[in-house]
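Notes follow once the structure below has been shown.
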Amino acid sequence: MDKHILSLQLAHILGESYSREWVYEQIEIPKKDQLGDLAFPCFSLAKDFRKSPQSIAEELASRLDHPQVKRVEPLGGYVNVFLDQTFFAEHTLKQVLSESEDYGSHHFGDGKTIVLDMSSPNIAKPFSMGHLRSTIIGQAVSNLAEKCGYETVKINYIGDYGTQFGKLVAAYYLWSDPEAIKKDPLTELTKIYVRFHEASQSDPSLIDQGRAYFKKLENQDEEVTTLWRWFKDVSLVEFNRIYELLGTSFDLTRGEAFYNDKMDAVVDLLDQKGLLEHSQGAQVVRLDDEDLPPCLIRKSDGTTTYATRDLAAAIDRFESYEFEESLYVVGHEQTLHFQQVKHVLEKLKLSWASDMHHVPFGMILKDGKKMSTRQGKTVLLEQVLQEAMNRALENIEEKNPNLADREKVARQVGVGAIIFHDLKQDRAKDIEFSLEDMLSFEGHTGPYVQYSYVRARSLLEKGSFDPEKASATLKDEQAWGVVKRIGSFPQVVEDAFRSYDPSKVAKYVLDLSKAFNHYYAHTKIIGSEQANERLTLIYVISLILKEGLELLGIEVPEEM
Ligand code: ARG
């Protein structure tokens, strides 16, 4: 019995005016055990039925009947459902044992493709915390989509185009040279870019210089193009180091510049459909009916925009992959941009435009403010990752100096801490940057979950557990907290995918770890009467913790 089955049953009893989906949405998992395992609130039905919520609850309770339900209690307007624990435990453990790492998988995505636009850093700038969030969240959403049956296409849409590259070229000729760039590319390129920005405040002629170089780039001037390509290559080398640490890869790395020669086609299409309007020398698509500002397509100097390129890229993605959904994992500060792009495509009557979804996430703030490259205020991500790995190594040297593969485990733990710290937050919330929090390995952290897994594994080893001889007939009231959570894993996976919110999985593995550690502290396992059944339970927990962490893109050490 889970939310699905209960919602089917209740919808059946309630009759046609209530859909199963609606009932499903209403069902809660009570925080207190004495309120049952599942609960259905009857308050919103009171008006329709002209009865008190409690009397509706009583009637529903009297009609609910299912072999997995031990007892139903109407209380305070809720139908509280208590599951038959022995039945549920056996049923659930058997299912995990037979499905192994496939437990929690779904098939509703079979045969469908999801495209994810993720990471997408800007060349010649340091990889920012925002791009880190996009990479980590994108990777986890992609893993969740695959767990639900979808094929995924992860695209790194590098920011390699725009007027800023004209400025960068101008800055390079003014203040830099090849040696300086080779030594530390992103630092040097950022430094001269910031300098250019500052200098242009008092010397506006610099802006014209920048514009002129950008024009050259647009016209594929050889020297400027070579320079730009070089900036791009050195940037990608730096980014790839970070991807390797994070364990992320892409199916396609294709930047904005790729769409440069496809701009005219987009502009023509908009023109043909009568959507293009002239406004102060520029060309725009009006979105008044959507209450949005116009989408700028071509500026008065003839150059195209970030939005024009996204239009071309969106069309290209549909033509290449015929996606079921096309996701953009990008910070919430770009919400307006994605609304505009989507509405322009809808005005072109492209039916798939409604399958494009911006998956926004909160910013990482420093003292309540956005961190910006232009003012040189970003925190260098690679240093943060390095520091996390160093701390993990120190911990190992202190607590487990004989550990094999120390460097590898330090990477898994350090990087795991950073990824988990990000993913446990509600996706949409802004986060105040705290190195201390990111580097903490105790409490609500990735390493705590990794450690719980390692503990489970060592218990299995100590008890010489053999999966071939596993037994699902557990009769152990103490285990209920754990068993119940094991049973909800498939639901958590589905909910996390449907809301594109990996924090649901992060919170789940924390919760399961806590329940496991509590059980372990209070129950004799090895040498008890039910040793094999209890070890089977531990084995199942270990499978799910591992699978849960891997869904988040976190590696799991066997020892730490
Ligand atoms: N490079 C952009 C930035 O750093 C993000 C690109 C997001 N993806 C997109 N299709 N616009 O702000």
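The values are calculated or read from the model by the stated rules, or taken from the named source; none is laboratory data. Remember, it's a predicted structure, so these values are computed and weren't measured experimentally. Methodologically, a virtual Cβ is constructed for each residue, glycine included, from the backbone with ideal geometry; neighbour enumeration extends over all protein chains shown.
Tallying residues that are in contact (Cβ under 8 Å) with a residue 24 or more places away in the chain and closer than 24 Å to residue 494 by Cβ within the stretch 34-55 yields 7. Residues in the stretch 67-90 that are crowded, with 21+ Cβ neighbours inside 10 Å and closer than 12 Å to residue 473 by Cβ: 89 only. On inspection, residue 123 passes the criterion of being within 24 Å of residue 320 (Cβ to Cβ) and within 16 Å of the ligand (Cβ to nearest atom). For the stretch 39-61, a tally of residues being farther than 15 Å from residue 75 by Cβ and either in a loop (DSSP other than H, G, I, E, B) or at pLDDT below 90 (or both) returns 2. The single condition among (1) at negative phi; (2) away from the ligand (no atom under 16 Å from the Cβ); (3) within 23 Å of the chain's Cα centre (by Cα) that residue 138 does not meet is (2). Within the stretch 115-145, the set of residues being closer than 21 Å to residue 318 by Cα, β-branched (Val, Ile, Thr) and in contact with a Lys or Arg (Cβ under 7 Å, 6 or more places away or on another chain) comprises 115 only. The residues on offer are 111, 104, and the sole one that is exposed (fewer than 15 other Cβ atoms within 10 Å of the Cβ) and in a loop (DSSP other than H, G, I, E, B) is 111.
Could you identify the single residue in 69, 23 that is farther than 30 Å from residue 467 by Cα, touching a strand residue (DSSP E or B) at 6+ places or on another chain (Cβ under 8 Å) and either aliphatic (A, V, I, L, M) or touching a residue at least 60 places away in the same chain (Cβ under 8 Å) (or both)?
Working: 69 fails: farther than 30 Å from residue 467 by Cα.
So the residue among 69, 23 that is farther than 30 Å from residue 467 by Cα, touching a strand residue (DSSP E or B) at 6+ places or on another chain (Cβ under 8 Å) and either aliphatic (A, V, I, L, M) or touching a residue at least 60 places away in the same chain (Cβ under 8 Å) (or both) is 23.
In the stretch 321-369, the qualifying residues are those that are within 12 Å of the ligand (Cβ to nearest atom) and among the charged types (D, E, K, R), and the one that is modelled with the highest pLDDT is 342.
Looking only at residues that are among the aromatic types (Phe, Trp, Tyr) and at pLDDT 90 or above in the stretch 431-461, which one is surrounded by the most Cβ atoms within 10 Å (Cβ to Cβ)?
Filtering the stretch 431-461 down to residues among the aromatic types (Phe, Trp, Tyr) leaves 433, 441, 448, 451, 453.
In the following step, the residues that additionally are at pLDDT 90 or above were identified as 448, 451, 453.
Working: 448: 19, 451: 18, 453: 24.
Residue satisfying both the conditions and the ranking: 453.
Consider residue 205 carefully, then state whether it is more than 36 Å from the chain's Cα centre (by Cα) and polar (S, T, N, Q). Taking the combined requirement at face value, the residue satisfies it. Among the criteria (1) more than 19 Å from the chain's Cα centre (by Cα); (2) part of a loop (DSSP other than H, G, I, E, B), the one residue 429 does not fulfil is (1). Number of residues in the stretch 168-188 that are within 16 Å of the ligand (Cβ to nearest atom) and either surrounded by fewer than 19 Cβ atoms within 10 Å (Cβ to Cβ) or more than 27 Å from the chain's Cα centre (by Cα) (or both) equals 1. The residues in the stretch 14-63 that are touching a Leu at 6+ places or on another chain (Cβ under 8 Å), among the aliphatic types (A, V, I, L, M) and surrounded by fewer than 16 Cβ atoms within 10 Å (Cβ to Cβ) can be counted, and the count is 1.
Within the stretch 95-111, can one find any residue that is within 16 Å of the ligand (Cβ to nearest atom) and within 30 Å of residue 325 (Cβ to Cβ)? Reasoning before the result, please.
First, the residues of the stretch 95-111 that are within 16 Å of the ligand (Cβ to nearest atom): none.
No: zero hits.
Among the residues of the stretch 297-322, the ones that are under 30 Å from residue 213 (Cα atoms), of a type in the set (Asp, Glu) and without any contact (Cβ under 8 Å) to a residue 60 or more places away in the chain come to 2 in all. Within the stretch 7-38, the residues that satisfy the criterion of being within 29 Å of the chain's Cα centre (by Cα) and not in a loop (DSSP other than H, G, I, E, B) are 7, 20, 21, 22, 23, 24, 25, 26, 28, 38.
Whenever a residue of the stretch 323-344 is without any contact (Cβ under 8 Å) to a residue 40 or more places away in the chain, its partners that are within 11 Å of the ligand (Cβ to nearest atom) and β-branched (Val, Ile, Thr), lying with C-beta atoms within less than 9 angstrom and at least six residues away or across chains, give the pairs 337/330; 338/330.
Quick one: is residue 147 more than 11 Å from the ligand (Cβ to nearest atom), basic (Lys, Arg), closer than 30 Å to residue 220 by Cα and touching a residue at least 24 places away in the same chain (Cβ under 8 Å)? Let's see the steps before the verdict.
On the way: more than 11 Å from the ligand (Cβ to nearest atom): yes; basic (Lys, Arg): yes; closer than 30 Å to residue 220 by Cα: no; touching a residue at least 24 places away in the same chain (Cβ under 8 Å): yes.
Considered against the rule, which asks whether it is more than 11 Å from the ligand (Cβ to nearest atom), basic (Lys, Arg), closer than 30 Å to residue 220 by Cα and touching a residue at least 24 places away in the same chain (Cβ under 8 Å), residue 147 comes out as no.
Okay, residues lined up against (1) more than 19 Å from residue 219 (Cβ to Cβ); (2) more than 36 Å from the chain's Cα centre (by Cα):
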site: 263; (1), (2): no, no
site: 270; (1), (2): yes, no
site: 274; (1), (2): yes, yes
site: 279; (1), (2): yes, yes
site: 282; (1), (2): yes, yes
site: 296; (1), (2): yes, no
site: 300; (1), (2): no, yes
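Residue 299 passes every criterion in (1) within 30 Å of residue 237 (Cα to Cα); (2) at pLDDT below 95; (3) among the basic types (Lys, Arg) apart from (1).
From the list 93, 132, the lone residue that is buried (at least 24 other Cβ atoms within 10 Å of the Cβ), touching a residue at least 40 places away in the same chain (Cβ under 8 Å) and either hydrophobic (A, V, I, L, M, F, W, C) or not in a helix (DSSP H, G or I) (or both) is 93.
Quick check: anything in the stretch 540-552 surrounded by fewer than 18 Cβ atoms within 10 Å (Cβ to Cβ) and closer than 30 Å to residue 136 by Cα? Can you show your working first?
Step one: of the stretch 540-552, the residues surrounded by fewer than 18 Cβ atoms within 10 Å (Cβ to Cβ) are 550.
Then drop every residue that is not closer than 30 Å to residue 136 by Cα, which leaves 550.
Yes; the residues of the stretch 540-552 include at least one that is surrounded by fewer than 18 Cβ atoms within 10 Å (Cβ to Cβ) and closer than 30 Å to residue 136 by Cα.
Just for the stretch 150-167: of the residues that are farther than 30 Å from residue 298 by Cβ and touching an Asp or Glu at 6+ places or on another chain (Cβ under 8 Å), which one is farthest from the ligand (Cβ to nearest atom)? Break it down into steps so the answer makes sense when it comes.
If we filter the stretch 150-167 for residues that are farther than 30 Å from residue 298 by Cβ, which is where we start, we get 150-152, 154.
After this cut, where a residue has to be touching an Asp or Glu at 6+ places or on another chain (Cβ under 8 Å) as well, the list is 150, 152, 154.
On the way: 150: 20, 152: 16, 154: 12 Å.
Filtering first and then ranking leaves 150.
When 170, 140 are checked against the criterion of being closer than 23 Å to residue 494 by Cβ and of a type in the set (A, V, I, L, M), a single residue qualifies: 140.
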